[in-house]
Ligand SMILES: Nc1ncnc2c1ncn2[C@@H]1O[C@H](COP(=O)(O)OP(=O)(O)OP(=O)(O)O)[C@@H](O)[C@H]1O
Ligand SMILES: [Mg+2]
């Protein structure tokens with residue numbers, strides 16, 4: 001498979017929560033040594049997504065931009081914000097400068113139709129940040145419906161789609177269906193990992209992506 005040349009700035013969304021967005025972000029961070037930003041973190045009791053990627057990649061703190069909203073409850077952002085007495089403001093989430101390597105990886109929360117406040121959805125944040133978007137989806141049964149709905153909604157809002165990443169055991173028929181009906185390329189497949197470490201993350205990066213820069 002041809003490797004995808006990563007755009008310098010990328011938004012990672014998914015078909016839902018727990019689908020592998022943070023895993024995908026860790027793969028891209030291991031490969032680019034860029035800057036990671038999770039603008040809205042819901043739930044602070046478990047490891048945050050930023051902490052998880054820092055742990056998995058071993059990258060130092062300056063590769064991680066602080067979250068704009070750190071909400072205490074592991075709920076949809078609109079509900080978590082309400083409990084914390086906060087109103088999420090899209091204008092407060094401005095893109096950081098993508099130093100040190102030139103690559104910026106932004107991770108959403110949940111999928112594109114999670115509400116952020118009374119009027120805006122994650123989709124509106126993506127459109128406002130104006131970033132090309134990678135869609136992480138399961139490789140397994142049910143994924144065709146979820147993925148096609150997500151792609152359709154992104155297209156309706158004029159958001160540039162970089163591709164779909166399938167997470168889970170290889171499933172060629174789902175992959176073909178998503179490419180054919182969704183008119184979008186599946187740019188990578190992440191197999192189930194027994195151990196998440198820099199070597200595994202870098203191996204998946206190198207098999208599927210390139211920064212466009214000569215290897216160090
Ligand atoms: N390919 C994989 N191999 C092994 N474990 C995986 C894989 N993909 C995801 N996981 C695990 O599944 C869980 C959910 O994945 P992840 O945190 O990446 O989802 P997410 O889409 O970022 O969720 P959230 O909406 O909470 O941000 C994590 O514990 C993660 O380590
Ligand atoms: Mg995550």
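The values are calculated or read from the model by the stated rules, or taken from the named source; none is laboratory data. None of these values were measured; they are calculated from a predicted model. Cβ placement follows ideal geometry from the backbone for every residue including glycine, while neighbour counts extend to all protein chains displayed.
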Can we say residue 77 is surrounded by fewer than 22 Cβ atoms within 10 Å (Cβ to Cβ) and either at pLDDT 95 or above or away from ligand 2 (no atom under 13 Å from the Cβ) (or both)? no
One residue is enough: does region 45-54 have a residue meeting the conditions more than 10 Å from ligand 1 (Cβ to nearest atom), more than 15 Å from the chain's Cα centre (by Cα) and closer than 16 Å to residue 209 by Cβ? no
Given the condition over 14 Å from the mean Cα position of the chain (by Cα) and within 16 Å of ligand 2 (Cβ to nearest atom), answer yes or no: does some residue in region 180-199 qualify? yes
Report yes if residue 82 is farther than 17 Å from residue 112 by Cβ and within 16 Å of ligand 2 (Cβ to nearest atom), otherwise no. no
What number of residues within region 10-31 satisfy the criterion of being surrounded by fewer than 24 Cβ atoms within 10 Å (Cβ to Cβ) and near ligand 1 (Cβ under 6 Å from one of its atoms)? 6
State all residues of region 104-140 that are assigned to a strand (DSSP E or B) and in contact with a helix residue (DSSP H, G or I) (Cβ under 8 Å, 6 or more places away or on another chain); if no residue qualifies, say none. 105, 106, 107, 115, 133, 134, 135, 136, 137, 138
One residue is enough: does region 64-74 have a residue meeting the conditions in contact with a strand residue (DSSP E or B) (Cβ under 9 Å, 6 or more places away or on another chain), within 13 Å of ligand 2 (Cβ to nearest atom) and at pLDDT 95 or above? yes
Residue hits (region 89-131; in contact with a strand residue (DSSP E or B) (Cβ under 6 Å, 6 or more places away or on another chain) and more than 24 Å from residue 148 (Cβ to Cβ)) are 96, 98, 104, 105
Count, please, the residues in region 172-199 that happen to be in a helix (DSSP H, G or I) and in contact with a helix residue (DSSP H, G or I) (Cβ under 8 Å, 6 or more places away or on another chain). 6
Could you please let me know if residue 59 is farther than 25 Å from residue 196 by Cα and surrounded by 15 or more Cβ atoms within 10 Å (Cβ to Cβ)? no
Please verify whether residue 94 is free of Cβ contacts under 8 Å to residues at least 40 places away in the same chain, in contact with a helix residue (DSSP H, G or I) (Cβ under 9 Å, 6 or more places away or on another chain), within 24 Å of residue 160 (Cα to Cα) and surrounded by fewer than 17 Cβ atoms within 10 Å (Cβ to Cβ), treating the condition exactly as stated. yes
If you go through region 146-162 one residue at a time, do you hit one that is surrounded by 13 or more Cβ atoms within 10 Å (Cβ to Cβ) and more than 21 Å from residue 110 (Cα to Cα)? no
Provide a single number: the residues in region 171-203 that are out of contact with any strand residue (DSSP E or B) (no Cβ under 6 Å at 6 or more places or on another chain) and either within 14 Å of ligand 1 (Cβ to nearest atom) or without any contact (Cβ under 8 Å) to a residue 40 or more places away in the chain (or both). 21
Tell me, please, whether a residue that is within 16 Å of ligand 2 (Cβ to nearest atom) and farther than 30 Å from residue 169 by Cβ can be found in region 5-17. no
